[in-house]
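A short write-up of the structure that comes next.
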Amino acid sequence: MAVISSSTNQISPANERLYHQSALVGDWKGNWAGNNQPVEFKVVNIRGARAQVEYTHNGHTERGFAEVQGSLITFGGVTVGTKDGKNMVLLFSFGGAGKQTANLEKQAPPASDSRLMGSWGGYSSDNGKSASFKVLSVNGNEAEVSVTTDGITRQGTGIVYQNVIMFGQSQIATDDGQNGKIIYQVGTKSFMVPVTKYPPADSSSSVDRTA
């Protein structure tokens, strides 16, 4: 069993280029090939050689850590893999008695997650202020964020409420997932900066340059 240190808390760039492991993360639902019973496999996150997963079958859910090997995840007798990030094959092997397969489809993420995720920035001509807000991950009612206001960057965990993230003396809100506003407080004064979401393409180009 590999020892997981705090530094291996995400997918390594090398594994992502080879195996596209990020495509495995998400909620997958489908049916067994034989009896058409529903089955669900959720990959919460991948940290190095381990993945946090939830496996729901026959009306009950098993939760735990699975082993990540390249583009496959193994959890007990279950092995899953995807080639296109949209469809997943699930293979269940029970001893020497036989095997069972299921075809699963990735479910769309909750609207609030997809709307808030990404990098935001803007400038207000009303008060001459600029601000940026980066949402690194959203997990339930918590979000890992990085906020830059008045040239100072702060990073940590914010609180998610619907389509608003509150972090320290600042918050970001969006209605449509493309346009929003950052409100932050300095002393007794509050400043509002309109922001837009940056396209995500620039992150992949930076990976290519370091390859």
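The values are calculated or read from the model by the stated rules, or taken from the named source; none is laboratory data. In this text, all values refer to a predicted model and were calculated from it rather than measured experimentally. Here the Cβ is made from the backbone with ideal geometry for all residues, glycine too, and neighbour counts use every protein chain on show. Ligands, DNA and RNA are excluded from the accessible area calculation, which covers all protein heavy atoms including side chains. Shrake-Rupley method; radii C 1.70, N 1.55, O 1.52, S 1.80 Å.
General observations
- Only a single criterion out of (1) open to solvent by 60 Å² or more (accessible area, probe 1.4 Å); (2) modelled with pLDDT under 90 is not satisfied by Ser125, namely (2).
- Only one entry in Glu62, Glu54, Glu40 is part of a strand (DSSP E or B), surrounded by 15 or more Cβ atoms within 10 Å (Cβ to Cβ) and without any contact (Cβ under 8 Å) to a residue 24 or more places away in the chain, namely Glu54.
- Residue match in the stretch 141-151 (condition: touching a helix residue (DSSP H, G or I) at 6+ places or on another chain (Cβ under 9 Å), farther than 30 Å from Val78 by Cα, open to solvent by less than 70 Å² (accessible area, probe 1.4 Å) and at pLDDT below 90): yes
- Subset tally (residues that are touching a residue at least 40 places away in the same chain (Cβ under 8 Å) and either among the hydrophobic types (A, V, I, L, M, F, W, C) or surrounded by fewer than 16 Cβ atoms within 10 Å (Cβ to Cβ) (or both)) for the stretch 163-185: 5
- Single residue of Gly180, Gly158 found to be touching a helix residue (DSSP H, G or I) at 6+ places or on another chain (Cβ under 9 Å) and under 30 Å from Asp27 (Cβ atoms): Gly180
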